Amino acid sequence: MATTSNHFIAILCGGTGPRLWPLSSANNPKQFLPILSNKSLLEQTVNRCKKIVPAKNIFIISNKRYQKKIEDILGKNLPKENFVYEPAKKNTAMAILLAASHIQKINPQAVITTTPSDHYIQKAISFKKTILRSAKLAQTHHQIITIGIKPS
């Protein structure tokens, strides 16, 4: 569990997954597919994040198009108020801004980790350690920390 209640995670879940066609489509993008698991990539992401912060500090940012699908998958796992839907799809930067403004109203001291909902991460323990370290650095130095991984 996170060492601070100021740590929040915003999971970005609005992509349409066109590069994985025909497996994914705009109606069923890759974050909703069970890839390399019996759970969807979105569920895998939430489960990884629950090992870092409490569920009450995990927010899903998406667009209205996927609201029913997201709430069907995660409705019992996260508080209802943690589902934030964009009024219009404006891509990643605006989704992050929406998440940050929403979380800042809850906790002005928040350190926010943003993560995509559609990545398969095999090394969950390394992921957790890296996120916790980067959140601590961000909080200590009041900086934005960017983490990149080499895709395979």
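The values are calculated or read from the model by the stated rules, or taken from the named source; none is laboratory data. Since the structure is predicted, the reported quantities are computational estimates derived from the model, not experimental observations. Cβ: placed from backbone, ideal geometry, glycine included. Neighbour counts: every protein chain shown. Surface accessibility is based on the protein's heavy atoms, side chains included, excluding ligands, DNA and RNA. Shrake-Rupley method; radii C 1.70, N 1.55, O 1.52, S 1.80 Å.
Worth pointing out:
- Pair list, Cβ under 9 Å, 6 or more apart: segment 74-91 residue under 15 Å from CYS13 (Cβ atoms) and modelled with pLDDT of 85 or more, other residue exposed (fewer than 14 other Cβ atoms within 10 Å of the Cβ) and polar (S, T, N, Q): ASN77/ASN47; PHE83/GLN67; TYR85/GLN67
- Subset of segment 104-127 [among the basic types (Lys, Arg) and either touching a Leu at 6+ places or on another chain (Cβ under 8 Å) or at pLDDT 95 or above (or both)]: LYS105
- Segment 120-146, residues that are open to solvent by less than 80 Å² (accessible area, probe 1.4 Å) and within 30 Å of SER37 (Cα to Cα): ILE121, ALA124, SER126, PHE127, LYS128, THR130, ILE131, LEU132, SER134, ALA135, ILE145
- The set of residues from segment 3-30 being of a type in the set (Val, Ile, Thr), surrounded by fewer than 22 Cβ atoms within 10 Å (Cβ to Cβ) and touching a residue at least 60 places away in the same chain (Cβ under 8 Å) comprises THR3, THR4.
- Every condition in (1) within 26 Å of LYS123 (Cβ to Cβ); (2) without any contact (Cβ under 8 Å) to a residue 60 or more places away in the chain; (3) loosely packed, with under 15 Cβ neighbours inside 10 Å holds for LEU33 except the one numbered (3).
- Residues (among the β-branched types (Val, Ile, Thr) and open to solvent by 90 Å² or more (accessible area, probe 1.4 Å)) located in segment 94-119: ILE106
- Per the listing ASN91, ASN77, ASN82, the residue uniquely open to solvent by less than 50 Å² (accessible area, probe 1.4 Å) and of a type in the set (S, T, N, Q) is ASN82.
- Annotation note: of GLN31, GLN67, the sole residue that is more than 21 Å from ILE131 (Cα to Cα) and not charged (D, E, K, R) is GLN67.
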